[in-house]
Amino acid sequence: MKRRTARENAFIALFEASFAANSIEEIITLSREQGEYAVDAYGEALLINFCAHTAEVDGLIREKLKDWTFERLPRVAAALLRLAVTEMLFNGSDDMDSIVINETVELAKKYGGDGDYQFINGILGVISRQEHGASPKPEAGGKEA
């Protein structure tokens, strides 16, 4: 499975977890049994790392929200931000940030509301520069936070 697909399937699982009483492990198992949007080993590692570092990931996102609260974020945006930050900090190397940000922006365009992708691009760009000193190119039309 391509990483792009693995990220999308992990996002769908995390989004589902925001509604369900099932644990992330149960959601992963169900996704594999049903076949559609099956979470592979890479997606599972993302989800497990998020569960292990939820407070740190959420805290880093909260710091960048300025006039927003985490609770006001749409569930799609929150799930995408959480997975991207987890991947940038715990699953990849520093030089992967631009790929993670780009693919997260594409998922936001597909699943999020109008303008969510710009917001997500800005937040992730700020976090990437803060954590890795990286300078990923902003998405065309994207705004920095």
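Helix-only estimate, please: 222 nm mean residue ellipticity of the chain, summing -39500 (n - 2.57) across DSSP H runs of length 4 or more and dividing by its residues, to the nearest 500. Kindly include the intermediate steps, with their values, before the conclusion.
Values: 7 runs with 92 residues, N = 145.
The per-residue figure over the chain is -20000 deg cm²/dmol.
Hey, with R₀ at 35 Å, roughly what FRET efficiency would residue 25 and residue 95 work out to, going by the Cβ-Cβ distance, to 0.05?
On the way: r = 31 Å, r/R0 = 0.88.
E(calc), rounded to 0.05, equals 0.70.
Under a point-charge model restricted to the Cβ atoms of Lys and Arg (+1) and Asp and Glu (-1), what is the dipole moment magnitude of the chain relative to its Cα centre, in debye to the nearest 20? Before the final figure, lay out each step's value.
On the way: 16 positive and 24 negative charges, 74 e Å.
That gives the chain a dipole magnitude of about 360 debye.
How many percent of Cα pairs in the chain exceed 28 Å? Write down the numbers at each step before the final one.
On the way: 1198 of 10440 pairs.
Across the chain, Cα pairs with separations above 28 Å total 11 percent.
Sorting 127, 99 on the 10 Å Cβ count, fewest up front, what's the list? List each step's numbers first, then the result.
Numbers: 127 24, 99 16.
So the ranking, lowest neighbour count to highest, is 99, 127.
Per residue of the range 118-129, in order, report the coupling 6.51 cos²θ - 1.76 cosθ + 1.60 (Karplus, θ = phi - 60°) as ³J(HN,Hα) in whole Hz, putting x for Gly and Pro.
So the J values, rounded to whole Hz, are 5, 4, 4, 4, x, 4, 5, x, 5, 5, 4, 5.
Any read-out appearing in this document is the output of simple, stated calculations on the displayed coordinates, not a laboratory observation. These figures come from a predicted structure and were not determined experimentally. Positions of Cβ are generated from backbone atoms using ideal geometry, with glycine treated the same way; all protein chains shown enter the neighbour counts.
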